[in-house]
Amino acid sequence: MSIISLLGALPGSIAQGIIWGIMALGVYITYKVLDLADLTVDGSLCTGGAVAAMLIVNGMNPLLSLLFAFIAGMAAGFITGFIHTKMGIPAILAGILTQLALYSINMRIMGRATQALSVDEYNLIVSLRYINKSILIGLIFAVVIILVSYWFFGTELGSSIRATGSNLNMSRAQGINTDRTKIIGLVLSNGLVALAGGLYAMFQGNADINMGRGAIVIGLAAVIIGEVIFGKIFRNFALKLASIVIGSVIYYVVIAIVIQLGLSTTDLKLFSAVIVAVALSIPYLKNRYFSKGGSKNA
Amino acid sequence: MLEVRGISKTFNAGTINAKKALDQVSLTLNEGDFVTVIGGNGAGKSTLLNAVAGVFNVDEGQIMIDGVEVNRLSEHKRAKFLGRVFQDPMNGTAATMGIDENLALAYRRGKSRTLRWGIQAKEHKLYREMLKELGLGLEDRMTTRVGLLSGGQRQAITLLMATLQRPKLLLLDEHTAALDPKTAAKVLEITQKIVERDHLTTLMITHNMANAIEYGNRLIMMHEGKIIFDVSGEEKKGLQVEDLLHKFTELSGDSASDRMLLS
Ligand SMILES: Nc1ncnc2c1ncn2[C@@H]1O[C@H](COP(=O)(O)OP(=O)(O)OP(=O)(O)O)[C@@H](O)[C@H]1O
Ligand SMILES: [Mg+2]
């Protein structure tokens, strides 16, 4: 492998990692805070990209288009939340249903499978062409989102969402409308995912119907990598969120390395799935390892 | 305070697993009543409390709390009236959140949850005092995650949470059953203290006959979804554990009185 070409690829990986890190913050809200596995994200990421791309090519300011991407993602999250809580469909299935439906909707939004977004034509706020600027903009987005999340999950409403994920029975006994808190969590989560989708469409120069495929796996990878590496040192909620974005960057740097090592891009999905399977099993394996060590010492 | 009129509940109705857990139960509690509930496994004690709490809808009958019909209110809406402590210490608290955060959640029971900060500065002082009263040393561990505490400590906190906003009715479902005898005694002592201090109307399920006699001013015995014995006042105070066992055998036609003596 060539160190030079790897170093050349790194800034791009970092920018990509930050954008997907924002997506992973959304995944964190459902997977960790609410304790729900939400598969809507594979669809809502593309919804965000599609909405932003179509608005931009129709003349909207790219920054403003992200607001609409965010809102579109929130709508998708609402649908999942609604069919889960009000129609009694298990969360994982509700997410799969919405994700499937979103394929058609995303096609409707774009009218085709790929919508190009040329950085020459539009004043995109992030782009592969300007990687340093993209890293900076991505970081600003990430920091603002982390600070707002830190505030929100410290409020009465945010605390009730955390309580819902921690103990459903207790939450109801304390008068928390758990259907509502779950819906709000899913809405915010998918809003962030779609926002990241909008950013990513600009970054890669197109919105593509398949851009969200496997997004949940990447989100989980970022959450888990962040947790495994920083879980012990970062106790503060804002730092935990930051560790997810760092986890996402690490993930993309590792991907860049394995590509330099000769892995083909079509093998990446397999590689990602393996990484996540390994990362997900680490807490379990660690537990076993430590409990054995403990009983030996005792 | 609580008025239950002819409620019935059949689980898995229409299947071979159909189980009539409550059969035309009526019960009226006056303000300040402290009622202990005994009965064998599967008698319907928990089902009665859960019906009142709105965990499920009843098949027939009416439930009124403080003059309000609550039949159609969902569980979280009824929570406004109720303080609840469960048998499993894991059930009453959010393990991943701090002691202070758990109390703050309970402090807002029955109120709308807004975008104001989750714990106001003045609350810390209040919680500190309340924790100090428990006498478990928890006042110096306010930000400790509840998941790190023992079962007894968690039940004591759940009791605080159930009564932080004065409930119209306190529902205790074998809340000391999972604790060792010493801790159970401590939690019962705290229960008694809080109930007396706030004059709470209380329903307490227990498998401990002696506790059922010692605590409260009224005792009811359940069997197969019905209340088969209801005693209060002086008559209740004078009861012996053997009396209750006799009563059970006599009224239920069931000689297996050991089923009553689980603890
Ligand atoms: N959710 C449910 N689904 C089906 N059956 C249930 C359900 N809850 C309770 N039952 C059944 O209803 C009957 C009464 O149960 P309940 O839990 O009220 O008994 P209990 O008096 O609290 O007993 P224990 O002392 O063992 O707690 C039992 O036969 C039980 O199996
Ligand atoms: Mg029970």
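The values are calculated or read from the model by the stated rules, or taken from the named source; none is laboratory data. It should be emphasised that the depicted structure is a prediction, and the values quoted were computed from it without experimental measurement. Counting neighbours? That spans all protein chains shown, and the Cβs are built from the backbone with ideal geometry, glycine included. These accessible areas exclude ligands, DNA and RNA; they are computed on the full protein's heavy atoms, side chains included. Shrake-Rupley method; radii C 1.70, N 1.55, O 1.52, S 1.80 Å.
Ordering A:Y103, A:Y289, A:Y150 by how much accessible area each has at a 1.4 Å probe, largest first, what is the list?
A:Y289, A:Y103, A:Y150
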Report task. Within 10 Å, count the other beta carbons around each residue, average over each peptide in A:183-194, A:2-13, and list them highest first. Result -> A:183-194, A:2-13
Report summary line: Here, trypsin sites (Lys or Arg not before Pro) of segment B:142-179 satisfying both criteria (DSSP loop; at most 15 other Cβ within 10 Å) are none
**Report entry** Mean-position separation - Cα centroids, segment B:115-184 and segment B:198-228, in angstrom
**Finding:** 23
Report task. Could you tell me the largest-minus-smallest coordinate of the C-alpha atoms of chain B on each of the three principal axes, in descending order and whole angstroms? Result -> 57, 39, 35
Query raised in the report: Under a 5 Å amide H to amide H cut-off, with H placed in plane at 1.01 Å, what residues pair with B:R218 once short-range neighbours are removed?
Result: B:F34, B:T36
**Report entry** Top positive-direction residue, dipole computed over segment A:3-290 with Cβ charges, set A:I18, A:G59, A:I225
**Finding:** A:I225
Requested in this report: Evaluate peptide B:52-59: per residue, the Cβ atoms of other protein chains within 10 Å of its Cβ; return the mean as an integer.
Outcome: 1
Query raised in the report: Taking only the alpha carbons of the protein assembly as shown, what extent do you get along each of the three principal axes, in Å, biggest first?
Result: 91, 55, 47
Query - 222 nm mean residue ellipticity, helices alone, for chain A (DSSP H n ≥ 4; -39,500 (n - 2.57); rounded to 500) - result: -26000 deg cm²/dmol
Requested in this report: In whole angstrom, note down how far apart the Cα centers of segment A:59-118 and segment A:214-241 are.
Outcome: 24
Report task. Could you tell me which of A:N132, A:L268, A:I29 has its Cα farthest along the dipole of chain A towards the positive end, charges placed at Cβ (Lys, Arg +1; Asp, Glu -1), taken about the Cα centre? Result -> A:I29
Report task. Please get the size of the charge dipole for the protein assembly as shown, origin at its Cα centre, with Cβ charges of +1 on Lys and Arg and -1 on Asp and Glu, quoted in debye to the nearest 20. Result -> 1300
Requested in this report: Note the direction-averaged projected area, equal to a quarter of the hull surface, for the Cα convex hull of segment B:102-159, in nm².
Outcome: 4.3
Report task. Please get the size of the charge dipole for segment A:3-290, origin at its Cα centre, with Cβ charges of +1 on Lys and Arg and -1 on Asp and Glu, quoted in debye to the nearest 20. Result -> 540
**Report entry** Length-normalised contact order of chain B in % [C-alpha pairs under 8 Å, at least 6 apart]
**Finding:** 26
Report task. Within 10 Å of each Cβ in peptide A:175-186, how many partner chain Cβ atoms are there on average? Round it to a whole number, please. Result -> 3
Query raised in the report: Hey, which lysines would be in cross-link range of B:K111, C-alpha to C-alpha under 16 Å, not counting anything within fewer than 8 residues on its own chain?
Result: B:K77, B:K80, B:K168
Query raised in the report: So for chain B, taking the charge dipole from beta-carbon charges (+1 Lys/Arg, -1 Asp/Glu), which of B:V55, B:H124, B:L82 sits furthest toward the positive end?
Result: B:H124
**Report entry** Calculated FRET value between A:K86 and A:L147, using beta carbons and R₀ = 30 Å, to 0.05
**Finding:** 0.40
Requested in this report: Would you mind checking the pairs A:K232/B:K132; A:K182/B:K193; B:K132/B:K182; A:K232/B:K125; A:K86/B:K45; B:K19/B:K186 and listing those with alpha carbons more than 27 angstrom apart?
Outcome: A:K232/B:K132; A:K182/B:K193; A:K232/B:K125; A:K86/B:K45; B:K19/B:K186
Report task. Take every residue in peptide A:155-164, count the Cβ atoms of other chains within 10 Å of its Cβ, and give the average of those counts. Result -> 6
Requested in this report: Determine which aspartates and glutamates satisfy two conditions relative to A:K133: a Cα distance under 20 Å, and not lying fewer than 8 residues away in the same chain.
Outcome: A:D120, A:E121
Report summary line: Label model pair B:A95, A:F271: point-to-point distance (7 angstrom along the Cα→beta-carbon line) in nm is 3.7
Query - Ratio of the Cα radius of gyration of segment A:3-290 to 2.2 N^0.38 Å, where N counts its residues - result: 0.97
